[in-house]
Each structure stands twice: as C-alpha cells, then as structure tokens.
Amino acid sequence: MSKAPVTVTVTGAAGQIGYALLFRIASGVMLGPDTPVVLNLLEITPALKAAEGTAMELDDCAFPLLAGINITDDPRKAFDGANIGLLVGARPRGPGMERADLLEANGGIFKPQGAAINDVAADDIRVLVVGNPANTNALIAQSHAPDVPAERFTAMMRLDHNRAKTQVAQKLGVPVSEVTKMTIWGNHSASQYPDLFHAEVGGKPVAEQVDQAWLADTFIPTVAKRGAAIIDARGASSAASAANAAIDHINSWVLGTPAGDWVSSAVVSDGSYGIPEGLIAGVPATSTGGAWQVVQGLEIDDFSRAKIDASVKELADERDAVRSLGLI
Ligand code: NAD
Ligand code: LMR
C-alpha cells in the first residue's frame, strides 16, 4: 500500500529559494523516494500569480510523488494540516546590510505564521526557518505557538555547515564526504563559530591538520561571511545552495543522521554548553526517531568558548530587540 502524502508548506514559494526548493521536494529528494507530498505554497497577494506559474511548472514535471499543490495568501490555509513548514518567505538583505537589519521588517511575518501553525498544523508539525534573521525569526514563530512542542521549531545552520565542510575539503585536498563532525555554533550571522576542533578528517581533528592562522584568519571569516560574498558576486543572496541546505536539514531530521557523524542545527536550547535556555542556537546535533538530540560532552577550550559566547550574546541581544518591539 502506498504511504499517505506528507503536507509540506513552503512560504515565499515564488521567491528565488522557493524556485530552487519546490522541484527537489516534489522529486522525492527531501523525504525519500517512497513518500508522496502535497505542496502548500504561501505567498503575499502580489506574488500569487508567480506562485501559480511555479505550480504550472511543477505540474509539467509529472513528478510521480507530487500528490497535490495548493496556493494561498492566507497562512491559516497554508498551514492547515501541515506536517513540515519551510519558512522561507522574508525580505532578503541587499549589499551593505547585516541580517539583523531585517529584524523589524521580517519579525512581523513570523508572528502570524507561528499563530497559524499553532492553530491549524498537524500534530507532528516540524518547522525550519530559513528567512533571515533565521534564528530569531524562528524564536518569534515558536513563541506564538504555545501548543506546539518548542523543539519542533528550528533554524537553518546547514548552509554554513556545508560551506565549512567544503572549505576544509578544499584545504586538505580530500572529498567533502571525508569531513565529519562539523559544527556551526550560535547564530546564522557573521558571528557564527565554525568549529574545527571537533570536526574530523581521517579520524583526527581538523584543527591539528591546518595551521592556527588559517583556521582563525581565513577559514572562520570565509565561512561566516560567505553569504555576503555571494550577494556581492551574484547581486542576490544565495538561493540554490540555501534550498539544498533546507532539504539536507529536513532529510536529516526526518530520516536520521548517519552513525558516527552529526550535523549543525539551530534548536531551542536546553542550556547545553552554557547557551541560555530558550534561545534557538546552532549546535552539533544528531537525529533519531524524528527528533534532534544535542551531541553532549564535547570539550570546549578557551578559544571556542569565547567565539560561542560572542555569537550567543548576539542571539540574546536579538531576542531582547524583538521583545522590545513586541514581537515575542
Ligand atoms: P526572494 O525575495 O527571492 O523571495 C522571498 C519571497 O518571500 C518573495 O516571493 C516574497 O513575495 C515572499 N514573501 C514575503 N513576505 C511573505 C509573507 N509574509 N508570506 C509569504 N511569503 C512572503 O528571497 P529569497 O532569495 O528566496 O530568500 C528568502 C529568505 O531566505 C531571505 O530572508 C534570505 O535572507 C533568506 N536566506 C537564508 C539563508 C539561511 O542560510 N538561513 C540562506 C539564504 C537566504
Ligand atoms: C546566506 O548565508 O547566504 C543567507 O543568509 C543570505 C544572507 O543574507 O547572507
């Protein structure tokens, strides 16, 4: 007997990331080759026509797993019965802007979406926030969904994670698949901390295989500022790589992470590693049974501690800012 379809709601469906995301979800890459999907596309009213165009193209692919498409500008319709919510729709930053500049503009979007998820989504709803500033937008949505277990709200660190793996693979001349146990700590922002003291190549910490100057002065800023470098080069923020990371995140969450490795996910903090409870911060995480578990027991040296604390402080400041704007 064929499986029941999973309802996946994608906000900002007519945007750049949406265009790179929807076809791959419908093809089965995200949830596996035996899981049909219904796609619910949420857009603002002026972009509904463009979303309809994307839906026409989805139809024209004749994806065997695509069991239906619904298009709406009403969050309560979009999240009705949703099992997975990909919250992409937001205003991307332009040249010279920091992601934090978007707090007020985008915060207002995530409040009604969190409330709609609370009221109408399926009991097993899992949410990934991609729209920036992703961690704090996730906090806003989560705080308006008191009936949904908090751990079902996550934000995307996986693009940073994938970027970091490739930088290491290129530096050491190994395939990316040989880089394991990467962690991006903290905020999806320039303060993030990509950690090479626990990442491994050939079973040994990467930090022991590269010089400290490269790690501190080249690797960390390259990964942390990659989003800005892409905006500078493309004239638009990353889209295909962001969509790919969203697919990786949900795939790991729902289908599990491989034994002996972990990924980076921003999850609601339980206080592990001194990250204040409730902040949605990047941590090393595995997933089994459809739930994230924070990897415990990693030793954090003074260098890493200072970097993690700085990024976590930025998250706390963003939380305080949205609190004072009445968004949480
Ligand atoms: P885009 O401007 O191409 O598309 C955004 C879409 O969202 C537009 O179609 C817009 O109409 C829609 N939208 C705006 N408000 C909405 C609302 N209230 N409800 C539903 N839809 C709404 O932008 P993009 O390039 O697709 O990027 C989307 C977001 O993702 C941006 O915030 C960007 O900064 C962020 N981003 C995050 C990461 C990450 O790693 N977390 C990576 C890349 C981009
Ligand atoms: C990225 O990391 O590419 C995105 O968050 C877009 C941005 O604003 O940097």
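What the table shows:
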quantity: Selection count, segment 189-233, where residues are of a type in the set (D, E, K, R), within 15 Å of ligand 2 (Cβ to nearest atom) and crowded, with 19+ Cβ neighbours inside 10 Å; calculated: 1
quantity: Within segment 234-252, tally of residues that are out of contact with any Ser or Thr (no Cβ under 8 Å at 6 or more places or on another chain), of a type outside the set (Val, Ile, Thr) and either farther than 16 Å from Leu128 by Cα or open to solvent by less than 20 Å² (accessible area, probe 1.4 Å) (or both); calculated: 11
quantity: Any hit, segment 267-286, residues being hydrophobic (A, V, I, L, M, F, W, C) and open to solvent by 40 Å² or more (accessible area, probe 1.4 Å); calculated: no
quantity: Asp119 vs. criteria within 12 Å of ligand 1 (Cβ to nearest atom), part of a helix (DSSP H, G or I), in contact with a helix residue (DSSP H, G or I) (Cβ under 9 Å, 6 or more places away or on another chain) and of a type in the set (Asp, Glu); calculated: no
quantity: Hits in segment 77-134 (condition: within 16 Å of ligand 2 (Cβ to nearest atom), β-branched (Val, Ile, Thr) and buried (at least 24 other Cβ atoms within 10 Å of the Cβ)); calculated: Val88, Val129, Val130
quantity: Unique match (being outside any helix (DSSP H, G or I), within 18 Å of the chain's Cα centre (by Cα) and not assigned by the TED database to the domain that holds Ala228) among Leu31, Leu22; calculated: Leu31
quantity: Residue match in segment 25-48 (condition: open to solvent by less than 40 Å² (accessible area, probe 1.4 Å), more than 12 Å from ligand 1 (Cβ to nearest atom), touching a helix residue (DSSP H, G or I) at 6+ places or on another chain (Cβ under 9 Å) and at positive phi); calculated: yes
quantity: Scope segment 1-19; condition in a strand (DSSP E or B) and open to solvent by 10 Å² or more (accessible area, probe 1.4 Å); matching residues; calculated: Val6, Thr7
quantity: Residue identified as touching an Asp or Glu at 6+ places or on another chain (Cβ under 7 Å) and outside the structural domain of Ala115 (by the TED database) among Val312, Val267, Val263; calculated: Val267
quantity: Residue, surrounded by the most Cβ atoms within 10 Å (Cβ to Cβ), within segment 135-156, restricted to residues that are of a type in the set (D, E, K, R) and in a helix (DSSP H, G or I); calculated: Arg152
quantity: So Ala55, is it assigned to a loop (DSSP other than H, G, I, E, B) and either surrounded by 17 or more Cβ atoms within 10 Å (Cβ to Cβ) or aliphatic (A, V, I, L, M) (or both); calculated: no
quantity: Looking only at segment 173-188, and only at residues there that are open to solvent by 10 Å² or more (accessible area, probe 1.4 Å) and in contact with a Gly (Cβ under 9 Å, 6 or more places away or on another chain), the one that is nearest to Leu327 (Cα to Cα); calculated: His188
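The values are calculated or read from the model by the stated rules, or taken from the named source; none is laboratory data. Owing to the predicted nature of the structure, the values given are computational and were not obtained by experimental measurement. No Cβ is skipped: glycine too gets one built from the backbone with ideal geometry, and neighbour counts run over all protein chains shown. These area figures cover heavy atoms from the full protein model, side chains too; ligands, DNA and RNA do not enter into them. Shrake-Rupley method; radii C 1.70, N 1.55, O 1.52, S 1.80 Å.
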